[in-house]
Structure formats: C-alpha cells, structure tokens
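The values are calculated or read from the model by the stated rules, or taken from the named source; none is laboratory data. Quantities reported herein were computed from a predicted structural model and do not represent experimental measurements. Here the Cβ positions follow ideal geometry from the backbone for every residue, glycine too, while neighbour counts run over all protein chains shown.
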Amino acid sequence: MSNVAEHSVRAVMSSAEVLPQGAGYGVVIGIGLFFSAFMVLLTAIQARYTGYSPKNSEEFTSASRSVKPGLIASGIVSAWTWAATLLQSSAVGYRYGISGPWWYASGATVQVLLFAQLAAKLKMNAPYAHTWLEIVGARWGTAAHLILMFFGLATNLIVSSMLVLGGSATVTDLTGMSTIAACFLIPLGVAIYVVVGGMRSTLLCDYTHTTVLFAIIFTFAFTVYATSDYIGSISKMHSLLQEATAISPVSGNAGGSYLTMRSKNGLIFGVINLIGNFATVFQDQAYWQRAIASRPATTVKAYLLGGIAWFAIPFCFATTLGLAAVALSVVPSPTSPTANATAAGFQALLPPLTNDQISEGLPASVAAAGLLGQSGAAALLVLLFLAVTSATSAELIAVSAILTYDVYLRYIHPDATEQQIMRVSHAGVVFFALVMALAGIIFYYIGVSMGWLYTFMGVILGSAVVPIALCITWRKANKYGCIGGAVVGFAAGIAAWLGVTSSLNDGVINVTTSGGNYEMLAGNLASIGAGGLIATVVSCIWPDVYDFAGTRAINAPTHKRDAKTSDDMDADMSEKKSPRTPEASVSVEEVQPLAEDEELDLDRLKSAFKLAAQASVVLTLVLLIIIPLPLFFAQTVYEVKGFSAWVGIGIGWAFCSAFAVVLYPLYESRTALGMIGRGIIKDIFARGSGKFAAPSHSIEGDSDA
C-alpha cells in the first residue's frame, strides 16, 4: 500500500496519471449520464404520482413555490459546495494551518445566513417574482435592470468558470483526461436532467449529491484520524504538524506553527473570502431561486439551516485533507534512507508543493492519493465531480430563468405563450452549458487558475452587493445612488487592484503579480466599500419613498382566495395580472402558487424577517468575531488536547449537518414518499389506478419530495 500511495502522490504532483484515462471519461460521462437517467426517472415518477409536471413553466422555474425547508437547505448546501469549497479550503489549510479552514468556512457561511433576511423580504415584497432582476426592473426601470443584469450574469459566468476550471483541472491531474474534453462534458449530463426536470429535478439531484458528499467526507476523516498507517490519530497528526513547523515555519503565524489561529495571512484571506462571497450569494440567481421555490412560511428556516450545515463541509474537509497534506510532507517515503525529517537524504512521502500547485488545489488531491492510493484518488474524483455538477445544475437553471423572464419576456416577446416560455427556458439551459464550457477553456488557456479567480471575484462583483440588498429590503433606497454606487464601486475596485499590483511589483502587472493577498484585498475592499458607501449615503440624503406595491404585483394571480393575508397586501397582489400566467384548465401545477396566499400573511412574514435578522446577525458575530478574533489575539499554539477538541468539533458538526440535510428532508417528505409508494403499488396490481388525480377542492400540500 505504501508504494502505491507514494506512486500516486508523485503522479499527481507530476501531472502523470494516478488513475487510467478511462476512469476520467467513466466518471464524467458514465456517472453524469447515470445521474441524468436517474433524475429523468424521478421526474417521471413525480409527475405521475404527485401531479407536479415540469411541462409547466411555474413548476420548471420555481418548483411551484412549494418546497419544504429540509430539501431547500440540502439544495443550498449542494449549490454552495463548489470544487473551490473542497480544493481551495484545503489549499488554505495547507498554507496557513488550522486558521485556513475556519476562515474559509466562516467567510463563506455568513452570506447564506444573512441571505435569510433577503429571502424573507422577497416573500414580503415580491412573492410571485421569478428572479431578483424582475424586482429591480419593477422598482427602478430599464436602465437599472440592464446595469444590474450585467453584474448578475457576470456572477453566474465567474461562478460557472470556477466550477469548470476546478473540476476539469482535477480530472486532468488524476486521470490524464483532456482538459478541453472535461470542460465540455461536465455540463453535458447536467444540462440533460435540468432540461427534463427543471428546478425540482435540480433540488432532488442536490439532495442525492449531498448524501454522497457527506459519506465520502466521513471516509476521509476517519481514515486520517483513525485508520491511516501514516497518521491514524489526532495525536500523531499533532506531532507531524509540529515537525512540519520546525522544518518549514509558516510566515505570519504565531511561532510559525500550523496549530494556531494567530495567522496574519489567514486573516487577510478571511477578509477577501468574506467580501468575494457576498457577491456570489447576493447576486447569484441560484440562491434567489431557492428562496423563490421554498414555501413562504419556511424560507428563513431553510436558509439558516442550510448555512449552518454548510459550514461543516469546508471546515471538516480542509482540517482533514489540508492538514494531512502538511503532515505527509514529514512522513518518510518507503525509499527514504532515514525516517528523520531533518536528516540528510530524507525523502518525504509528499514533497513540498509549489505556489502554483497550491493555487491549483492540489493539496487535497495529493493527500487523498497518499492516504488511500488509487482508491483515495477515485473517491476524491467522484466527490469533486458531484460537487461540480450539483453547483452547475443550480447555475444552469438560474441563468435560464434570467434569460427567459428578464430578457425574452421583458424585451423580446412580453405576450409569449406557455409553450414559447418553455422552449426558451430549455434553450437557455443548453446555451449556458455551452457558454460555461467555453469560459472554462478560455480561462485555462490564459493561465487563470481557480484559486486566482476565487480571490478576484469580489473585485468586479462586490460593488453591487449593497445596492441589490437595499433595493429588495429598504423602501428609502435611492435609485441613482444605488446604481451609481454599483458602477463607481466597480471602477474603484479595478483601479485599487491594479494600482496596488503595480506599486508592489515594480510596475509589473500580470496574472502572477496581480494574485497576491494585498493586491486582491485592496480591490475587494474598494469595490464593496465604494459601492455600499455611495448607495447608503445618497439614499440617506435623498431617500426614496416606495411602498413595494409594484413589486408585489409582479406575476400576481388575479384569482383571490379567502386567505389569512392583510387587506392591503391582497389588494397590491391583485392590482395587475401578468401575461405570463396562462389561462388553462385547473391543475395542481397552476393552482399551487395560489396556495401560498395562506402563508403570505404580512404579520407572519414580518415575524419571519425579525427572526432572520436576529439569528443571522448573532451567528455572523459568533463565526467572524466572538470565536476567531480572541483566538487570533491570544496567539495560542494548541497542544494535543486543544487540537483534539478542534478536530472533534469539526467532525461532530459534520455529523449534525448530515442529519439536517440528509435525514431531515426524508422525514419532512414522508407523506409525499408514502403517496408515491402507494401509487406505485396500485399500478403494479391495476395499471393506471395509481396515477395522481388532483382533488377538486383542495391541494395536496405535501407533494414536494
């Protein structure tokens, strides 16, 4: 096993094949098509036995706005688990020690928690919108709609490029598969099941991928900390990290140790990570779409649950494989003449990685290969493929919604029929799958890595974060201040990034020099700071007065029901009928949105927003200030007991997260699962008798499996 592991490690580092090339094509094509077929089958079963059919545009785009919190939380976890989540988190763990996983996880969790406030306001102020851009257009008009659409689509493009770059680079490194082929084939299988099943199919796929993801993470965690011949225990990991510190101390860390939260560069990365991820959550239609698909009464619960559950994935994974890569650098190779890492002639199982290799996300790959040989490489390959395809499906359906409702219906064909809307939605999925592949190839050829793109995204996207949040939540938000803030902030971010790059690198500006911590930090801070400051100050000086009646009327049904909603909200919602709501015979898909009315009580939604605000702010303070900063200033280098507690918390948190997003969704959908099971049994004994029939005066509220 040791010789196989050493060969696997060196193969990864030298870009040789750890796995045969056929394994790459087998995973990308085979598993991709398997999941496509599986999701197509689930979609067919669901359409037959629950009445939800993706042939309806409302169901295709927003899952009839009926999904319960557990499945939405699972979708959030899956959509937010990119290749970068696994590879970049391990890379910062390799660079900065235990502080890296914490800053990665906390810096990308708080955005999802704070988004719970936007989700609550979405249900209050635009409960029937299909995209966040529809709200911008209804409130501020065409110019604002087009400008912010640029930021929205740019967000989707950058996120998608990172997905393809990270996924294809890993497949190529582990199997030797063509990078270009991987870039095109990865979105292919995903596009198939998204076109067939729409939003609900995406959520079901998210759930399946999340389940497998946790299983593989636990496999790596128990291998590293319990069964590995090289590490095998927390105390041995602690000892190896101390040896690594003695040989190659970490610059900016207390005592140069990997076992401390006192990491200057780790903190800088945390700030960059925090700012950049605000843009990729607040401006990404994928997260708005999950809020739109969720039931109004449980939207806040879904986002709080999803955010807390997601934290454990990068924290546990990077504390496992990121630190394992460091530890293996002082473990002797089977061919080493000495076991003493400081002695002459010592050969490590895993030689130190270069900056380029770290930026490419190789620490996780070499650690997996070193610990488990080809089986470890294969497990990581499957894990990354599932993470990439799941997030890809979220991006495909998100961009499809924008192209359909914010381009086609708004500017090209406002009176489109249901059939035309569905054709454009399907075409949007296929179109963006091709764009995603081409963007990945372009960035690959110009030498931009996933790590570089990850730290850069806040520079060009951060300026629109605050303006978008104010548009959805604050009635006093000034149109010109917010749009001006987005544009000026964009320019300020680019200027600060290039200016600091030039000043710190003797005027040399290229991909290498522009990717440093201080260069990216300057651009990120300038972008979000200028955009937020201008939008807020102008809105305070010249406040708008807006009652959100126009946004509440977006796509609102004309049919009113005796629901427990406030009178003024009912009036707002019935002011205008969208031409996008087709007149047709009553079916579950078409009347399901009306069932929301009972949950759109203004007082209940205000209570939900209050809960979101309080919980998200408290959790943000805990994750970013109350826990990490005292540990940072204490300059403590952890002994075995402290490190054991740190690792134990990560693994325990991961178990709680798995329960929340794997087992809980099954429990909450037990009624729907039972209905499907009964329908299948009926069909077995009397063909056709199990097919779902819509009740004449009620709607099955639990059919959201």
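Hey, Thr81 hits all of (1) assigned to a helix (DSSP H, G or I); (2) crowded, with 24+ Cβ neighbours inside 10 Å but one; which does it fall short on?
Result: Thr81 fails condition (1) only.
In segment 507-555, how many are closer than 25 Å to Asp406 by Cβ and loosely packed, with under 14 Cβ neighbours inside 10 Å?
Residues meeting the conditions: 1.
Would you call Met199 closer than 30 Å to Pro630 by Cα and either surrounded by 24 or more Cβ atoms within 10 Å (Cβ to Cβ) or aliphatic (A, V, I, L, M) (or both)?
no
Only one of (1) touching an Asp or Glu at 6+ places or on another chain (Cβ under 7 Å); (2) under 30 Å from Trp646 (Cα atoms); (3) not charged (D, E, K, R) is not met by Ala108, so which one is it?
Going through the list (1) touching an Asp or Glu at 6+ places or on another chain (Cβ under 7 Å); (2) under 30 Å from Trp646 (Cα atoms); (3) not charged (D, E, K, R), Ala108 breaks only (1).
Which condition number in (1) surrounded by 22 or more Cβ atoms within 10 Å (Cβ to Cβ); (2) not in a helix (DSSP H, G or I); (3) not small (Gly, Ala, Ser) is the one that Lys55 fails?
Among (1) surrounded by 22 or more Cβ atoms within 10 Å (Cβ to Cβ); (2) not in a helix (DSSP H, G or I); (3) not small (Gly, Ala, Ser), Lys55 violates only (1).
Would you mind telling me which numbered condition in (1) buried (at least 18 other Cβ atoms within 10 Å of the Cβ); (2) among the polar types (S, T, N, Q); (3) under 28 Å from Leu383 (Cα atoms) Thr245 fails?
With respect to (1) buried (at least 18 other Cβ atoms within 10 Å of the Cβ); (2) among the polar types (S, T, N, Q); (3) under 28 Å from Leu383 (Cα atoms), Thr245 is out only on (3).
Having 1 or more residues that are under 23 Å from Ala464 (Cβ atoms) is the bar; report the helices (runs of 4 or more DSSP H) wholly within segment 253-342 that clear it.
264-282, 285-293, 299-317
What pairs come out if I take residues in segment 228-239 that are part of a helix (DSSP H, G or I) and pair them with residues that are among the small types (Gly, Ala, Ser) and modelled with pLDDT of 95 or more whose C-beta lies under 7 Å away, six or more apart or interchain?
Hits for this filter: Ile234/Ser644.
For (1) modelled with pLDDT of 75 or more; (2) more than 21 Å from the chain's Cα centre (by Cα); (3) closer than 30 Å to Ala105 by Cβ; (4) of a type in the set (Val, Ile, Thr), each residue gets a yes or a no:
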site: Ala37; (1), (2), (3), (4): yes, yes, no, no
site: Ile45; (1), (2), (3), (4): yes, yes, no, yes
site: Arg48; (1), (2), (3), (4): yes, yes, no, no
site: Ser53; (1), (2), (3), (4): no, yes, no, no
site: Ala73; (1), (2), (3), (4): yes, no, yes, no
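Only one residue in Ala312, Ala318 is of a type in the set (A, V, I, L, M), under 25 Å from Gly376 (Cβ atoms), touching a Cys at 6+ places or on another chain (Cβ under 9 Å) and crowded, with 24+ Cβ neighbours inside 10 Å, so which one is that?
The match here is Ala312.
Yes/no per residue for (1) under 21 Å from Ala254 (Cβ atoms); (2) touching a helix residue (DSSP H, G or I) at 6+ places or on another chain (Cβ under 9 Å); (3) surrounded by 13 or more Cβ atoms within 10 Å (Cβ to Cβ); (4) at pLDDT below 95:
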residue	(1), (2), (3), (4)
Ser616	no, yes, yes, yes
Trp653	no, yes, yes, no
Val662	no, yes, yes, yes
Phe685	no, no, no, yes
Ile699	no, yes, yes, yes
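If you take just the helices (runs of 4 or more DSSP H) that sit entirely in segment 98-211, which of them hold at least 2 residues that are of a type in the set (Val, Ile, Thr) and within 30 Å of Leu323 (Cβ to Cβ)?
Of the helices (runs of 4 or more DSSP H) lying wholly inside segment 98-211, those with at least 2 residues that are of a type in the set (Val, Ile, Thr) and within 30 Å of Leu323 (Cβ to Cβ) span 99-125, 142-175.
In this structure, does Phe220 turn out to be in a helix (DSSP H, G or I) and surrounded by 24 or more Cβ atoms within 10 Å (Cβ to Cβ)?
Against the criterion (in a helix (DSSP H, G or I) and surrounded by 24 or more Cβ atoms within 10 Å (Cβ to Cβ)), Phe220 qualifies.
How many residues are farther than 20 Å from Gly447 by Cβ, of a type in the set (S, T, N, Q) and at pLDDT below 90 when one looks only at segment 494-536?
Of the residues in that region, 0 qualify.
Report yes if some residue within segment 324-347 is out of contact with any Pro (no Cβ under 6 Å at 6 or more places or on another chain), more than 23 Å from Ile247 (Cβ to Cβ) and touching a residue at least 60 places away in the same chain (Cβ under 8 Å); otherwise report no.
Scanning segment 324-347, I find no residue that is out of contact with any Pro (no Cβ under 6 Å at 6 or more places or on another chain), more than 23 Å from Ile247 (Cβ to Cβ) and touching a residue at least 60 places away in the same chain (Cβ under 8 Å), so the answer is no.
Name the pairs whose Cβ atoms lie under 6 Å apart, with the first residue in segment 447-461 and within 11 Å of Trp497 (Cα to Cα), the second among the hydroxyl-bearing types (Ser, Thr, Tyr) and buried (at least 24 other Cβ atoms within 10 Å of the Cβ), and 6 or more positions between them or separate chains?
Between residues of segment 447-461 that are within 11 Å of Trp497 (Cα to Cα) and residues that are among the hydroxyl-bearing types (Ser, Thr, Tyr) and buried (at least 24 other Cβ atoms within 10 Å of the Cβ), the close pairs are Val459/Ser527.
Hey, among the residues in segment 462-501 that are free of Cβ contacts under 8 Å to residues at least 40 places away in the same chain and of a type outside the set (A, V, I, L, M, F, W, C), which one's nearest to Val92 (Cα to Cα)?
Thr501
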